[in-house]
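Each reported figure results from applying straightforward, stated rules to the coordinates on display, with no laboratory input. Please read all numbers here as calculations on a predicted model, not as lab measurements. Methodologically, a virtual Cβ is constructed for each residue, glycine included, from the backbone with ideal geometry; neighbour enumeration extends over all protein chains shown.
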Amino acid sequence: MSNIQDKVVIITGASSGIGEATAKELAARGVKLVLAARREDRLKNLQEEIEKDGGQVLYKETDVASHDQMEELAAFALKEFGKIDVIVNNAGVMPLSPLHEKKIAEWDSMIDVNIRGVLYGIAAVLPSMRERREGHIINVSSIAGHLVFPAAAVYSGTKYAVRAITEGLRIEEASHNIRTTIISPGTIKTELLEGITGEELKAAIVEDSKIGISPANIARAIAFAIEQPEDVAINEMIVRPTVQEL
Ligand SMILES: NC(=O)c1ccc[n+]([C@@H]2O[C@H](COP(=O)([O-])OP(=O)(O)OC[C@H]3O[C@@H](n4cnc5c(N)ncnc54)[C@H](OP(=O)(O)O)[C@@H]3O)[C@@H](O)[C@H]2O)c1
């Protein structure tokens with residue numbers, strides 16, 4: 001018996017890349033989806049595509065950096081589907097730059113989306129999961145949550161933070177029967193590099209990223225974590241292109 005069909009799953013950052021691929025993978029496995037991101041037109045198109053294939057999907061325009069909007073997202077999922085089995089805190093931004101360039105607004109956006117967004121996602125779903133003594137919180141970190149690269153000091157800082165927060169959550173919530181998973185992708189072909197504002201740096205990173213693999217591979221890893229029996233928690237996974245050295 002599959003432990004994934006009919007689960008209610010919230011995915012943040014579902015309008016592109018890993019979030020969009022995860023939505024398609026989980027919909028095909030019979031999950032009831034609640035998709036979130038800021039670009040509503042993209043969510044609407046994805047909803048239409050998934051519904052055409054017989055999937056069940058709702059969406060809500062949401063900025064993960066807003067605590068109020070994240071609480072509203074969880075309330076929407078509870079109202080429409082009656083429970084939240086899983087949240088995939090996937091939304092993220094990566095405007096890389098060396099520290100001396102002092103791109104303070106870009107640092108702030110990474111802290112707001114990559115750290116605050118994950119914390120607000122946890123806060124929004126934890127009360128109902130604790131009440132049911134059941135639930136699964138999946139946070140997307142990165143290989144940059146294990147290693148630091150030039151121009152990635154702040155981005156890596158946010159992704160190390162995601163791992164620390166998720167491990168803290170695991171320890172605190174184990175006795176409440178809540179599962180946690182950290183997913184750390186290597187190089188994946190998505191729109192993430194678009195956020196880099198330094199043209200030379202962007203060109204170099206685009207070149208390095210040619211080895212990137214499809215986001216569908218991360219979607220399958222997420223589905224694998226969800227489909228395990230309830231007493232099994234896949235706590236951490238690194239998924240790289242085979243040819244990626246770092
Ligand atoms: N691609 C890689 O190589 C790679 C490697 C390791 C880890 N990751 C991580 O994977 C996650 C997904 O990234 P991706 O590669 O799929 O990039 P992507 O295609 O750029 O997707 C990022 C998603 O995050 C959403 N987002 C950004 N800011 C948001 C906000 N304030 N509120 C709500 N949603 C927001 C975007 O939607 P809207 O703009 O519509 O809001 C978009 O759907 C990120 O956490 C990233 O750090 C990616």
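Descriptive notes on the structure:
- When the criteria are applied in full, ILE18 meets the requirement of being touching a Pro at 6+ places or on another chain (Cβ under 7 Å) and among the β-branched types (Val, Ile, Thr).
- Among (1) of a type in the set (A, V, I, L, M); (2) surrounded by 21 or more Cβ atoms within 10 Å (Cβ to Cβ); (3) assigned to a loop (DSSP other than H, G, I, E, B) - the single one ALA65 does not satisfy: (2)
- Residue in region 1-46 that is surrounded by the fewest Cβ atoms within 10 Å (Cβ to Cβ), counting only those that are within 21 Å of VAL118 (Cα to Cα) and of a type in the set (Val, Ile, Thr): VAL8
- Residue that is farthest from the ligand (Cβ to nearest atom), among those in region 139-155 that are of a type outside the set (Phe, Trp, Tyr) and closer than 12 Å to LEU99 by Cα: PRO150
- Candidates SER128, SER184, SER141: the one that is of a type in the set (Ser, Thr, Tyr) and more than 21 Å from GLU20 (Cβ to Cβ) is SER128.
- Of the criteria (1) assigned to a loop (DSSP other than H, G, I, E, B); (2) hydrophobic (A, V, I, L, M, F, W, C); (3) within 19 Å of ARG39 (Cβ to Cβ), which one PHE76 fails: (1)
- Applying the set (1) touching a residue at least 60 places away in the same chain (Cβ under 8 Å); (2) within 15 Å of the ligand (Cβ to nearest atom); (3) farther than 21 Å from THR166 by Cβ to VAL93 leaves exactly one unmet item: (3).
- Taken over region 197-216, the criterion of being touching a helix residue (DSSP H, G or I) at 6+ places or on another chain (Cβ under 9 Å) and more than 11 Å from the ligand (Cβ to nearest atom) is satisfied by THR197, GLY198, LYS202, VAL206, ALA216.
- Residues being of a type in the set (S, T, N, Q), more than 16 Å from the ligand (Cβ to nearest atom) and out of contact with any helix residue (DSSP H, G or I) (no Cβ under 6 Å at 6 or more places or on another chain) - total across region 3-52: 1
- On the stretch given as region 159-188, residues that are away from the ligand (no atom under 12 Å from the Cβ), crowded, with 21+ Cβ neighbours inside 10 Å and of a type in the set (Lys, Arg) total 1.
- You will find that of GLU131, GLU191, the residue that is acidic (Asp, Glu), near the ligand (Cβ under 9 Å from one of its atoms) and out of contact with any Lys or Arg (no Cβ under 9 Å at 6 or more places or on another chain) is GLU191 and no other.
- Among the residues listed as ILE213, ILE205, ILE218, the single one being crowded, with 22+ Cβ neighbours inside 10 Å and in contact (Cβ under 8 Å) with a residue 24 or more places away in the chain: ILE218
- Near pairs, Cβ below 8 angstrom, 6+ apart or cross-chain, from region 164-183 (more than 18 Å from VAL140 (Cα to Cα)) to any residue that is surrounded by fewer than 18 Cβ atoms within 10 Å (Cβ to Cβ): GLU173/ARG130; HIS176/ARG130; HIS176/ARG133; ASN177/ARG133; ASN177/GLU134; ASN177/GLU230
- In region 203-246, the qualifying residues are those that are of a type in the set (Gly, Ala, Ser) and touching a His at 6+ places or on another chain (Cβ under 9 Å), and the one that is nearest to SER97 (Cα to Cα) is ALA225.
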